[in-house]
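Just below is one structure, and these are the notes that go with it.
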Amino acid sequence: AQSVTQLGSHVSVSEGALVLLRCNYSSSVPPYLFWYVQYPNQGLQLLLKYTTGATLVKGINGFEAEFKKSETSFHLTKPSAHMSDAAEYFCAVSSTGNTPLVFGKGTRLSVIA
Amino acid sequence: DAMVIQNPRYQVTQFGKPVTLSCSQTLNHNVMYWYQQKSSQAPKLLFHYYDKDFNNEADTPDNFQSRRPNTSFCFLDIRSPGLGDAAMYLCATRSEGGGAETQYFGPGTRLLVL
């Protein structure tokens, strides 16, 4: 069975500061990994994904994440936070493209002016 | 623009009164999902379709049913909504072609049960 753990249900950063949202996964097979963002009363929007190949993946809005197999991690980073980054972020895993996603519990990011 | 559309965005129903939520897609994706998301929680998969093949999650209550009359449309029926069914309901689609691993989500329908 697969699972996702997101450390920190709420992260608060100052505008312009580094954003780091942590995600660890458990999977018995090579995983497909995703980060989604959800703004209030909206659906989920894909930020970035890792399937195969380069372990550092770049996504939209300046976010990137690095797949580290040895650490079973897929942490999300952004060098400089913007007020518009305030949202809920979900990490998710699937074992293949055909299996349903397993989501973490989410991390709420607040950005302080 | 190709997209996933959910109507209505907000739905109010009474305790025990059947309600139907709808989802449509212009992406021509063959896989469609329904998720329930309660406040401050992760989305929880209720069921999904591969084409017309229906897949129910083991812990989805019998109170929840779904219909997919064609590729573009999918409905979620809640036969007798309880207060605990108040949540955001998210529809998502996926293709089995290139980039098949990516799900595309609609904006959701927020259900309130009075």
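The values are calculated or read from the model by the stated rules, or taken from the named source; none is laboratory data. Keep in mind it's a predicted model, so treat the numbers as computed, not measured. All Cβ positions, glycine included, derive from the backbone under ideal geometry; neighbour counts span all protein chains shown.
Of the residues making up region B:19-32, those that are touching a Phe, Trp or Tyr at 6+ places or on another chain (Cβ under 8 Å) and either β-branched (Val, Ile, Thr) or modelled with pLDDT under 95 (or both) are B:20, B:27, B:29, B:30, B:31, B:32.
Tell me, yes or no, whether region A:70-87 has at least one residue that is more than 9 Å from chain B (Cβ to nearest Cβ), basic (Lys, Arg), more than 12 Å from the chain's Cα centre (by Cα) and not in a loop (DSSP other than H, G, I, E, B). Checked region A:70-87: no residue is more than 9 Å from chain B (Cβ to nearest Cβ), basic (Lys, Arg), more than 12 Å from the chain's Cα centre (by Cα) and not in a loop (DSSP other than H, G, I, E, B).
Scanning region A:93-113 for residues that are in a strand (DSSP E or B), among the small types (Gly, Ala, Ser) and within 8 Å of chain B (Cβ to nearest Cβ) yields one hit, A:94. The C-beta contact set for region A:76-104 (first residue free of Cβ contacts under 8 Å to residues at least 24 places away in the same chain, second residue assigned to a strand (DSSP E or B), distance under 6 angstrom, 6+ apart or interchain) comprises A:100/B:45.
Checking the condition under 15 Å from the mean Cα position of the chain (by Cα), among the basic types (Lys, Arg) and either on the phi > 0 side of the Ramachandran plot or away from chain A (no Cβ under 11 Å) (or both), which residue from B:68, B:94 passes?
On the way: B:94 fails: either on the phi > 0 side of the Ramachandran plot or away from chain A (no Cβ under 11 Å) (or both).
Residue meeting the stated conditions: B:68.
Among the residues of region A:50-74, the one identified as surrounded by fewer than 10 Cβ atoms within 10 Å (Cβ to Cβ), over 15 Å from residue B:101 (Cα atoms) and hydroxyl-bearing (Ser, Thr, Tyr) is A:70. Just to be sure before I move on: is residue A:76 closer than 29 Å to residue B:96 by Cα and at pLDDT 95 or above in the structure I sent? Spelling it out, residue A:76 is indeed closer than 29 Å to residue B:96 by Cα and at pLDDT 95 or above. Scanning region A:40-49 for residues that are at the interface with another protein chain (Cβ under 10 Å from one of its Cβ atoms) and either surrounded by fewer than 19 Cβ atoms within 10 Å (Cβ to Cβ) or in contact with an Asp or Glu (Cβ under 8 Å, 6 or more places away or on another chain) (or both) gives A:41, A:42, A:45, A:46, A:49.
In region B:38-55, what residues are more than 7 Å from chain A (Cβ to nearest Cβ), part of a strand (DSSP E or B) and of a type outside the set (A, V, I, L, M, F, W, C)? Those that are more than 7 Å from chain A (Cβ to nearest Cβ), part of a strand (DSSP E or B) and of a type outside the set (A, V, I, L, M, F, W, C): B:44, B:49, B:50, B:53, B:55. Against the list (1) on the phi < 0 side of the Ramachandran plot; (2) not in a strand (DSSP E or B), the condition residue A:61 fails is (1). Taking residues in region A:15-33 that are among the aromatic types (Phe, Trp, Tyr), and partners anywhere that are surrounded by 13 or more Cβ atoms within 10 Å (Cβ to Cβ) and part of a strand (DSSP E or B), the pairs with Cβ atoms closer than 6 Å and at least 6 places apart or on different chains are A:25/A:4; A:25/A:93; A:32/A:94.
Yes or no, residue by residue, for (1) in a strand (DSSP E or B); (2) aromatic (Phe, Trp, Tyr); (3) modelled with pLDDT of 95 or more:
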site: B:2; (1), (2), (3): no, no, no
site: B:17; (1), (2), (3): no, no, yes
site: B:61; (1), (2), (3): no, no, no
site: B:76; (1), (2), (3): yes, no, yes
site: B:101; (1), (2), (3): no, no, no
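Could we say that residue A:90 is buried (at least 19 other Cβ atoms within 10 Å of the Cβ), within 14 Å of chain B (Cβ to nearest Cβ) and of a type outside the set (Val, Ile, Thr) here?
On the way: buried (at least 19 other Cβ atoms within 10 Å of the Cβ): yes; within 14 Å of chain B (Cβ to nearest Cβ): yes; of a type outside the set (Val, Ile, Thr): yes.
Criteria met by residue A:90.
In region A:18-34, the residue that is surrounded by the fewest Cβ atoms within 10 Å (Cβ to Cβ) out of those that are more than 8 Å from residue A:76 (Cβ to Cβ) and within 14 Å of chain B (Cβ to nearest Cβ) is A:29.
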